[in-house]
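J.: Mind having a look at this structure? Questions to follow.
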Amino acid sequence: MAPPFGADRIPDAADRIDVPERNHQRHALADVLGCRQCFEAHTTTRYPVRVAASTRPSLKRICGSGVLYVILCAAAPSLAVLWTFVLLNLLLRENFPFSHFPMYAGLLDFTDYVYLTDEHDQPIATRRFGLSASTLKKLYHARIRGGTSIAALRKLSVEELRPAGREVLQSMLARPRLRERPLTCRRLRLHQVNLRYRGGSFDAERFLVAEVPVC
């Protein structure tokens, strides 16, 4: 069966950076993909990302911010504390909601999410099992990535993903929360949705990863 993830994006030379796989597993996000330690470390694993400009403030920025700070404090002394925080944010380049850090400034053209259903494909809330949807995705990815690089992860077929999906479903059925409120369905399914950005629009690909009987 053809891989569900499709072909990899072909990045520019400036878009390539060394990222340690083990670090990504520890900092999974998801997604997974912009931990500062990961970008500064060196490894043989390569993954295409877009790196933002350096966050180190330049001398010109420091001098300009200092002059602006003095002017603002002289104009409104009562707001000196506010201007102090404004100056710090300018120096750190933390301009919420816009960020200069690679984790948030460089967006990938591919992502995915998973969800649970019964045998009739009716969605089942992850809160029923005592966890969030993002945690479910992390558990799923952690079981896939055992010794697999992130680049190779996108090429796995449904058959290769199925063992990890079954492990996740079995762990869901073993959660203590179900003892208080057991499931009424006969089978539990794990679905995956791949989202890609192509030509100015988003493409969604849905498929069933695995299913297990509910005892």
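The values are calculated or read from the model by the stated rules, or taken from the named source; none is laboratory data. Since the structure is predicted, the reported quantities are computational estimates derived from the model, not experimental observations. Using ideal geometry, Cβ is built from the backbone for each residue, glycine included, and neighbour counts are taken over all protein chains shown.
J.: For residues that are among the aliphatic types (A, V, I, L, M) and surrounded by 12 or more Cβ atoms within 10 Å (Cβ to Cβ), scanning just the range 59-69, find the one that is modelled with the lowest pLDDT.
T.: Result: Ile62.
J.: Does the range 198-214 include one or more residues that are in contact with a Cys (Cβ under 8 Å, 6 or more places away or on another chain), closer than 20 Å to Ile124 by Cα and either not small (Gly, Ala, Ser) or not assigned by TED's automatic domain parsing to the domain that holds Tyr115 (or both)?
T.: yes
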